[in-house]
Amino acid sequence: DTGVSQDPRHKITKRGQNVTFRCDPISEHNRLYWYRQTLGQGPEFLTYFQNEAQLEKSRLLSDRFSAERPKGSFSTLEIQRTEQGDSAMYLCASSRSYEQYFGPGTRLTVT
Amino acid sequence: GNSVTQMEGPVTLSEEAFLTINCTYTATGYPSLFWYVQYPGEGLQLLLKATKADDKGSNKGFEATYRKETTSFHLEKGSVQVSDSAVYFCALKGGETSYDKVIFGPGTSLSVIP
């Protein structure tokens, strides 16, 4: 059990650019979640996959955001035409049954 | 909708002091309740959980009791250590809507000084 990994750990981009983050869940975890955490706040739910199916999306996930989980393994979160308000920590979590295990996060800074 | 409120920080305590971090929630049905901890530079870790009313979750000397009548899940520890310095998040999952997402409070930063 190597834990949930996320790549990159830090990303600085200019406004208007596209960025993509990757999450590798714990092997055999069929559920995968994306959250966003801004400074001084708790994480906010973005979206949830069970295997390769995206079962729920938050209204926080605007049309500029898209998430995929091909083959039910790793997942990617893409943000198109980034805005300064997208600056945050993006967290991934996975679970097999009850407890969600969180990765270290990807910190995005949009300049 | 479901929500979690917790006491504002930062909280600063001396080593061996008693800790209480208040948490209250709003939810329909019967959610499960959690405390997560985030140590500096690390990811979120589940500290303890309780899945039904009157359950007590405990781990590493921390305790919290699921109180349905007061919709509370206060975190306590009898004697804090410097290594307990971290941000603590109260959270809930499930309830009548049975969504699988976790809803977090804003977090309470704890600093323990020697």
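The values are calculated or read from the model by the stated rules, or taken from the named source; none is laboratory data. From a predicted model like this one, the values you see are computed outputs, not experimental measurements. So basically every Cβ, Gly included, is an ideal-geometry build from the backbone, and we count neighbours across all protein chains shown.
On the basis of being outside any strand (DSSP E or B) and within 13 Å of chain A (Cβ to nearest Cβ), does B:GLU16 make the cut? First the steps, then the outcome.
Working: outside any strand (DSSP E or B): yes; within 13 Å of chain A (Cβ to nearest Cβ): no.
Answer is no for this residue.
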For region B:53-85, what are the residues that are of a type in the set (Val, Ile, Thr), in contact (Cβ under 8 Å) with a residue 40 or more places away in the chain, surrounded by 12 or more Cβ atoms within 10 Å (Cβ to Cβ) and within 20 Å of B:GLY29 (Cα to Cα)?
B:THR71
It is to be established whether one or more residues within region B:81-95 are in contact with a Leu (Cβ under 7 Å, 6 or more places away or on another chain), not aromatic (Phe, Trp, Tyr) and not in a strand (DSSP E or B).
yes
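Looking only at region A:13-27, decide whether some residue is of a type outside the set (D, E, K, R) and closer than 26 Å to B:GLY9 by Cβ. Lay out the reasoning, then the answer.
To start, the set of residues in region A:13-27 that are of a type outside the set (D, E, K, R) comprises A:13, A:16-21, A:23, A:25-27.
Those left that are additionally closer than 26 Å to B:GLY9 by Cβ: none.
No, because not a single residue in region A:13-27 is of a type outside the set (D, E, K, R) and closer than 26 Å to B:GLY9 by Cβ.
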For region B:31-59, which positions are at pLDDT 95 or above and touching a helix residue (DSSP H, G or I) at 6+ places or on another chain (Cβ under 9 Å)?
B:VAL37
Quick check on my filter: what residues within region A:7-49 are in contact with a strand residue (DSSP E or B) (Cβ under 9 Å, 6 or more places away or on another chain) and among the charged types (D, E, K, R)?
A:ASP7, A:ARG9, A:LYS11, A:LYS14, A:ARG15, A:ARG22, A:ASP24, A:ARG31, A:ARG36, A:GLU44
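Within region A:32-42, restricting attention to residues that are surrounded by fewer than 20 Cβ atoms within 10 Å (Cβ to Cβ) and facing another protein chain (nearest Cβ under 8 Å), which residue is modelled with the highest pLDDT? Before you say what the answer is, go through the steps one by one.
So the first thing to find is which residues in region A:32-42 are surrounded by fewer than 20 Cβ atoms within 10 Å (Cβ to Cβ), and the list is A:38-41.
Now drop any that are not facing another protein chain (nearest Cβ under 8 Å), which leaves A:40-41.
Values: A:GLY40: 84, A:GLN41: 89.
Restricting to residues being surrounded by fewer than 20 Cβ atoms within 10 Å (Cβ to Cβ) and facing another protein chain (nearest Cβ under 8 Å), the top hit is A:GLN41.
If you check B:VAL37 against the conditions, is it without any contact (Cβ under 8 Å) to a residue 60 or more places away in the chain, among the aliphatic types (A, V, I, L, M) and either within 13 Å of chain A (Cβ to nearest Cβ) or surrounded by 12 or more Cβ atoms within 10 Å (Cβ to Cβ) (or both)? Step through it out loud before you land on a result.
Working: without any contact (Cβ under 8 Å) to a residue 60 or more places away in the chain: yes; among the aliphatic types (A, V, I, L, M): yes; either within 13 Å of chain A (Cβ to nearest Cβ) or surrounded by 12 or more Cβ atoms within 10 Å (Cβ to Cβ) (or both): yes.
Yes.
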